[in-house]
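The values are calculated or read from the model by the stated rules, or taken from the named source; none is laboratory data. The model shown is predicted, which means the values in this text are computed figures rather than measured ones. Neighbour counts run over all protein chains shown; Cβ positions are idealised from the backbone, glycine included.
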Amino acid sequence: VVVAVVVLVVVVPLEVLVVVEVMVDVLVVVLVVLLVLLVVVIVVAVLVVVIVVVVVIVVVVVIVVVVVAVVVVAVVVLVVVVPLEVLVVVEVMVDVLVVVLVVLLVLLVVVIVVAVLVVVIVVVVVIVVVVVIVVVVVAVVVVAVV
């Protein structure tokens, strides 16, 4: 662009320089708008990930608290009231609880990883699109100037 402007200043009449100046101003406006859009997309993507992760964590915590509370109450009632044969059932319930908690934690990790990957993909795609548009606009301006 600098070389093209120097060539224009030396070779081309003043009327053409006004057109080039307008084109450069439009290019600057396009670049600023693209950068603002890039920032907005990144912020929205990060907010979506944060909201999804918080919701998943809250749901997992609520499920864990409810299940643990039910098992604790059942164990207390069984230990006080019920004979030994029923305690085997409680042990099975506790094993099921452990499996459920492990599955929930794995799901939480999967959701967080997928959300982060989605944000990374969206940000990379937006950056690539912005770079392509900028390159095309700069190329058009340079070709028009030359």
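Is it the case, given these coordinates, that residue 52 is touching a residue at least 60 places away in the same chain (Cβ under 8 Å) and either closer than 30 Å to residue 23 by Cα or surrounded by 12 or more Cβ atoms within 10 Å (Cβ to Cβ) (or both)? Taking the combined requirement at face value, the residue satisfies it.
Can you tell which of 112, 121, 133 is modelled with pLDDT of 80 or more, assigned to a helix (DSSP H, G or I) and loosely packed, with under 13 Cβ neighbours inside 10 Å? It would help to see each step written out before you state the result.
Details: 112 fails: loosely packed, with under 13 Cβ neighbours inside 10 Å; 133 fails: loosely packed, with under 13 Cβ neighbours inside 10 Å.
Criteria check complete, one pass: 121.
Somewhere in the range 77-98, is a residue surrounded by fewer than 14 Cβ atoms within 10 Å (Cβ to Cβ), of a type in the set (A, V, I, L, M) and under 30 Å from residue 23 (Cβ atoms)? For the range 77-98, residues surrounded by fewer than 14 Cβ atoms within 10 Å (Cβ to Cβ), of a type in the set (A, V, I, L, M) and under 30 Å from residue 23 (Cβ atoms): absent. Filtering the range 102-139 to residues that are of a type outside the set (Val, Ile, Thr) and touching a helix residue (DSSP H, G or I) at 6+ places or on another chain (Cβ under 9 Å) leaves 104, 105, 107, 108, 115.
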